[in-house]
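A short reminder: the numbers here are calculations on the coordinates, not readings from a lab. Model, not experiment: these values are computed from the prediction. Ideal geometry is used to build each Cβ from the backbone, glycine not excepted, and the neighbour counts take in all protein chains shown.
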Amino acid sequence: MRIGTRALLGSALAVMGIATSANAQDAQYAHAAIKSGNLLSAERTLERETRAGSREPEVLLNLAAVYAMTQRPSEARDLYQRVLDAKDASLVMPSSQVASSHDVARRGLRLLDQPSSMQLTAR
């Protein structure tokens with residue numbers, strides 16, 4: 001099993017947006033699953049949303065964070081870019097602050113480009 005460093009998990013959670021739409025329950029579940037380390041469950045929920053056609057930035061950003069934490073930077077980068085290619089949106093963050101989806105995506109891309117934040121250890 002691969003376990004990310006605390007810094008990576010903390011940084012990834014800082015990137016998460018919680019949906020304020022009809023899919024808020026699924027997004028909150030996915031966020032809770034990520035926070036508790038249940039990345040597989042979060043990934044399944046978020047991928048189901050994207051297969052159903054969701055283009056909501058909070059879904060894409062959460063899935064990008066899961067991909068980053070599971071050593072799939074290319075897939076994460078693609079999702080961050082999809083958010084940047086779409087219209088900017090306001091997101092409610094776990095801290096209850098509002099952030100721009102573009103700012104969150106750019107922050108995620110910067111994290112992917114920091115080699116020290118992607119170091120993972122095998123256990």
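Here are the numbers for this structure:
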{"item": "Dimensionless Rg ratio for segment 33-84, taking C-alpha atoms and the 2.2 N^0.38 Å reference", "result": "1.02"}
{"item": "Contour minus Cα-Cα distance for Asn38 and Gln97 (0.36 nm per residue)", "result": "18.8 nm"}
{"item": "Tyr80, Tyr29, Tyr67 arranged by Cβ crowding within 10 Å, fewest neighbours leading", "result": "Tyr29, Tyr67, Tyr80"}
{"item": "Theoretical gain in end-to-end length, Thr50 to Arg72 [0.36 nm per residue, Cα-Cα removed]", "result": "6.2 nm"}
{"item": "Calculated FRET efficiency for the pair Asp113/Lys87, C-beta based, R₀ 22 Å, to 0.05", "result": "0.35"}
